[in-house]
Each structure stands twice: as C-alpha cells, then as structure tokens.
Amino acid sequence: MVKLQGSEIHLDYPSVGATENTMLIAVMAKGITTIRNAAKEPEIVDLQEYLNKMGAKVRGGGTSEIIIEGVGRLHRVEHKIMPDRIVAGTLAIAGAIAGGEILLKNVVIDHIKPILVKLKEAGCLVLEKDHNLKIKTAQRLKAVEMTKTLPYPGFPTDMQAQFMSLMTVTQGTSIIAETVFENRYKHVDELTRMGAKIKIDGRVAVVQGVKKLTGAKVCAKDLRGGAALVLAGLVAEGVTIVEHISHIDRGYDQLDKMLERLGAYVHRID
Ligand SMILES: CC(=O)N[C@H]1[C@@H](OP(=O)(O)OP(=O)(O)OC[C@H]2O[C@@H](n3ccc(=O)[nH]c3=O)[C@H](O)[C@@H]2O)O[C@H](CO)[C@@H](O)[C@@H]1O
Ligand SMILES: C=C(OP(=O)(O)O)C(=O)O
C-alpha cells in the first residue's frame, strides 16, 4: 500500500471542504502537512478537537495556517459536535421576521456574531447571555444597506437566503452580494412569486422591501433557499406551501416542529 506523505499545501481559496479533507488525510500521512490559506470556519476547529481526541496532532485550526503531524493511527472517542450555527441563525431570523420574542439556548454566540450584527442593524433587540440569545422585534425592521457573504468570520453564505427573506419585508432597499458561491439565488424567483421585489445582477441582489408577502405554492430548490421560503411563509398573508422539503430536511432536524413550538402554524404534508 502506498503511504501518504505530508506536504505543504497552499489553497487558492479558503475552502471549507478542501481544508477538512486535507486535515483528514494528513493525520494518516507520514510527516508534517501545512495548510496555508486554510478555511477558519468553527467547524474546522471542532474537527481539529475531534481528531486530536482520537490521537491526531493538529494545531492552528481557526487560523489560516493549520499544521498536521501525521500519526498513522487514531483511536475511538466520544465527541459532542458543536451547536449548529446556521440552525441558530435561521431560528433567529424566524423570530425577527415573525416579530415578538424568541429565546435560543445552547448557542455559541461568537459563531453567529456576523448574523447578529445584521439583525441589530435591521432594528432587532439582541440580548446575549452566556449561551443564551434573546431576540426581540417590536416594530417593522429597516433594510440593511449592504450584506456581503464571505468566508468566516464574514457573513455566512449559508444564511444568505434566509436573510434575504427577512429583507423582503423591511422598510427600504437592501443590497446583498453573494461572493462565496455562484448560482445561489434560486430562491429569488420563488420569493418573487410571494410578492417580494428583488432584482439580480450577477452576484448582487437588490431587495426592495414590501409591506406584505402573499402566500403561494413555492418550491425549495436547495437547502437554505428552502428554509428561506418557510421563513417567508411565516410572515406572508394566507397559506404558503413549500414543495421539495427533502432539501430542508438535509440541514434541519424537523424545522416544522421547531417553528410550531414557537407558535407558528407549520405542517408537514406527506
Ligand atoms: C458540508 C459543508 O460543510 N458544506 C459547507 C462548505 O461547503 P464546501 O466545503 O463545499 O464549500 P467551499 O468552502 O469548498 O466552497 C466555497 C467556494 O470555494 C470554491 N472552491 C472550492 C474548492 C476549490 O478547490 N476551489 C474553489 O474555488 C467553490 O466553488 C465555492 O465557490 O462550506 C460552504 C461555504 O461556507 C458552505 O456553504 C457549505 O454549507
Ligand atoms: C450548501 C449547503 O449544503 P449542501 O452542499 O449540502 O447543499 C448548506 O449547508 O447550506
């Protein structure tokens, strides 16, 4: 069997998948691997902790340089994975779009700071205490002038669609720039069918806030876009039916039940 050899790797882009896969391979390789321009997402730090518990020698996770000393062998461990920051962000926006008050427990506040900054800018009252987060929304929110998705600690691309749903009903015009992925605006046509006013020019979306959305039959085209349609449905007048929810189920453990617990009328139709 060919033995893998540690090496110096410089990523052109701080790709999450490329960083994680390189870490996974490098722990079993001979010698040292250095990843430069590594992704800094919290999930990378969690993976490092997990691997190190198993006997790996990884350091630098969370910075742009990760150094892995190959150990060739790992042992079994128990590891509790970090709270899902995108689920927390999605629920925070559910609270913001529907109004009222929402309490999220077991949140790593630091991980979702880029989202909280935008919610505050829109006019939400955000109260942070330890791992708890309270979001209060008393009045119609204001449009956030500019939101650009970026690698961590920038605004996450995985929250772009949900944030756009929120912006569709704010007062004023917001600009969203998707710089991480191409073709991540599949939810726009569906939101438009609900009455949203959105124009796309390449990677930029201009969202003109409207007073109300109207329920419609819409289709989830991907995971976060699907969640965004459910969020829009919370505030839309009338009934919204979201089709192809298998996309949503890949990233949320019963989003319908979580929203029901918050008082929303959401039902899964088989
Ligand atoms: C399972 C998982 O954790 N998925 C996440 C992971 O996806 P994933 O790891 O696939 O995303 P990447 O960070 O790799 O991709 C981000 C951008 O980098 C580009 N790219 C990627 C690799 C490469 O070699 N060259 C290159 O140019 C991609 O085309 C994309 O435009 O990070 C994304 C960005 O935070 C998130 O949206 C995904 O939810
Ligand atoms: C893009 C995502 O995941 P997937 O690649 O599984 O669609 C996501 O988590 O937002």
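In whole angstrom, how far apart do the alpha carbon centroids of the stretch 194-255 and the stretch 43-106 sit? Centre-to-centre (Cα) distance: 27 Å. Of the beta bridges in the chain, as assigned by DSSP with both residues counted there, near 65 percent are antiparallel.
Over 18 Å apart at the Cα level, from the set Lys118/Lys148; Lys142/Lys197; Lys113/Lys186, are Lys113/Lys186. Our summary of shape: the Cα atoms of the stretch 1-113 have principal axis extents of 59, 33, 22 Å, ordered from largest down, in whole angstrom. Basic side chains Lys and Arg get +1 at the Cβ, acidic Asp and Glu get -1 at the Cβ, and with that the dipole of the stretch 1-152 about its Cα centre reaches some 200 debye. One chain, two ends: Lys199 and Val77. Fully extended at 0.36 nm per residue, the span grows by 39.0 nm beyond their Cα-Cα distance. Computed about its Cα centre, the charge dipole of the chain is approximately 320 debye, with only Lys, Arg, Asp and Glu carrying charge at their Cβ. Distance check, please: which entries in Lys136/Lys257; Lys80/Lys217; Lys40/Lys257; Lys105/Lys217 exceed 29 angstrom between their Cα atoms? As for pairs spanning more than 29 Å Cα to Cα, those are Lys80/Lys217; Lys40/Lys257; Lys105/Lys217. Only one residue of Gln171, Leu125, Pro156 has its Cα farthest out toward the positive end of the dipole of the stretch 102-189, where Lys and Arg carry +1 and Asp and Glu -1 on Cβ, and that residue is Leu125.
May I ask which residue of Leu47, Leu231, Gly251 lies farthest towards the positive end of the charge dipole of the chain, with charges of +1 (Lys, Arg) and -1 (Asp, Glu) on Cβ and the Cα centre as origin? In the chain, that residue is Leu231. Restricting the stretch 40-148 to GluC sites (Glu not before Pro) that sit in a DSSP loop and have at most 16 other Cβ atoms within 10 Å of their own Cβ leaves Glu78, Glu145. If the Kirkwood radius is taken over C-alpha pairs of the stretch 107-200, then at 25 °C and 0.890 mPa s the Stokes-Einstein diffusion coefficient equals 175 µm²/s. Here the spin labels are modelled as points 7 Å beyond Cα on the Cα-Cβ line, and at His267 and Ala177 they lie 4.5 nm apart. Along the axis of the charge dipole computed for the chain (Cβ charges of +1 for Lys and Arg, -1 for Asp and Glu, origin at the Cα centre), the listed residues Ala88, Val207, Leu103 are led at the positive end by Leu103.
Listed by chain and number, the aspartates and glutamates whose alpha-carbon sits under 16 Å from that of Lys211, ignoring those within fewer than 8 places in the same chain, are Glu237. Both radii are taken from the alpha-carbon atoms of the chain; with Rh as the Kirkwood radius, Rg/Rh is 1.03. Residues within the reach of a label modelled at Val108 (point 7 angstrom out along Cα to beta-carbon, backbone nitrogen below 16 Å), restricted to the stretch 20-64, are 20, 39-53, 59-64. For the stretch 8-69, the Kirkwood estimate of hydrodynamic radius, built from reciprocal distances between every pair of different alpha carbons, is 11.0 Å.
Under the convention that each Lys and Arg Cβ holds +1 and each Asp and Glu Cβ holds -1, the size of the dipole of the stretch 8-69 around its Cα centre is about 240 debye.
Bear in mind that the values in this text are calculations on the coordinates, not laboratory data. Just so it is clear, the model here is predicted, and its values are computed rather than measured. Glycine also receives a Cβ, built like all others from the backbone with ideal geometry; neighbour counts cover every protein chain displayed.
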